[in-house]
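Quick notes on the structure that follows.
All of the numbers you see were taken from the coordinates with simple rules; none came from a lab. Worth saying up front: this structure is predicted, and the values here are computed from it rather than measured. Because the Cβ atoms are built from the backbone with ideal geometry, glycine has one as well, and the counts that use them run over all protein chains shown.
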Amino acid sequence: MPIYSLAGRVPRIHPEAFIHPMATVIGDVTIGKESSVWPGAVLRGDYGTIVVGERTSIQDGSVIHAVGHLPTVIGNDCVIGHIAHLEGCTIHDKALVGSGSIVLHRAHVHSGATVAAGAVVRNDGVVPANSLAVGVPAVIKPDASSPEMIVTSAAVYVANVHRYREELRVIDQEMSTVTPDR
């Protein structure tokens, strides 16, 4: 799996985390226990620090980046949806960032909050606890998130960490070829 050090910046990955073989982790990146990074996701800590807490999923195709003066911090029990882009922001514990959304510099997504699919939280944006951020730029809808759903979704990915660590195997292409019945 592509895990790289760069100029002395070395990823720190908990032994009980799951990094898919087709994900990329570079540089100053910390990934906590039972967290997962899925195919095509890129965590690039070349200029700054990225911290992913415990039991958090970084789903397929997501891009997590940081700049020198702005770390990207993702808390515990978070769900980062497919093709999300996070840079120089803080995602607090038990928050969800939906598929295709963007969260930028100095933004904060607080506990129990959801950034809806495709939403853009601009520089310095704040998504309060239990709120929903929708649209471009994001508009805040107070008390419209479902913290229970976030916790449930995070737990599904923790189960997948264990399932994939035990069951994922590379197979030979010839073994996967199906011959039609004649």
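On the stretch given as the range 43-57, residues that are part of a strand (DSSP E or B) and in contact (Cβ under 8 Å) with a residue 60 or more places away in the chain total 1. Tyr4 meets all of the listed conditions (1) farther than 15 Å from Glu87 by Cα; (2) in contact with a Pro (Cβ under 6 Å, 6 or more places away or on another chain); (3) of a type in the set (Ser, Thr, Tyr) but one, namely (2). Please work out if Thr49 is crowded, with 19+ Cβ neighbours inside 10 Å and among the β-branched types (Val, Ile, Thr). Judged against the criteria, Thr49 is not a match. Scanning the range 65-81 for residues that are surrounded by fewer than 23 Cβ atoms within 10 Å (Cβ to Cβ) and more than 19 Å from Val158 (Cβ to Cβ) returns His65, Val67, Gly68, His69, Leu70, Pro71, Val73.
Of the residues making up the range 101-132, those that are farther than 17 Å from Ser62 by Cβ and outside any loop (DSSP other than H, G, I, E, B) are His108, Val126, Val127, Leu132.
The number of residues in the range 82-112 that are surrounded by fewer than 24 Cβ atoms within 10 Å (Cβ to Cβ), β-branched (Val, Ile, Thr) and farther than 15 Å from Val51 by Cα comes to 2. For the range 67-99, taking the residues that are assigned to a loop (DSSP other than H, G, I, E, B) and among the polar types (S, T, N, Q), the one that is nearest to Val109 (Cα to Cα) is identified as Asn76. Scanning the range 113-145 for residues that are over 20 Å from Gly75 (Cβ atoms) and touching a helix residue (DSSP H, G or I) at 6+ places or on another chain (Cβ under 9 Å) gives no hits. Set side by side, the residues Val67, Val79 differ, and just one is within 25 Å of Ala119 (Cα to Cα) and either under 9 Å from the mean Cα position of the chain (by Cα) or among the small types (Gly, Ala, Ser) (or both), which is Val79.
Can you confirm whether the range 4-17 contains a residue that is among the aliphatic types (A, V, I, L, M) and closer than 28 Å to Val126 by Cβ? No, the range 4-17 contains no residue that is among the aliphatic types (A, V, I, L, M) and closer than 28 Å to Val126 by Cβ.
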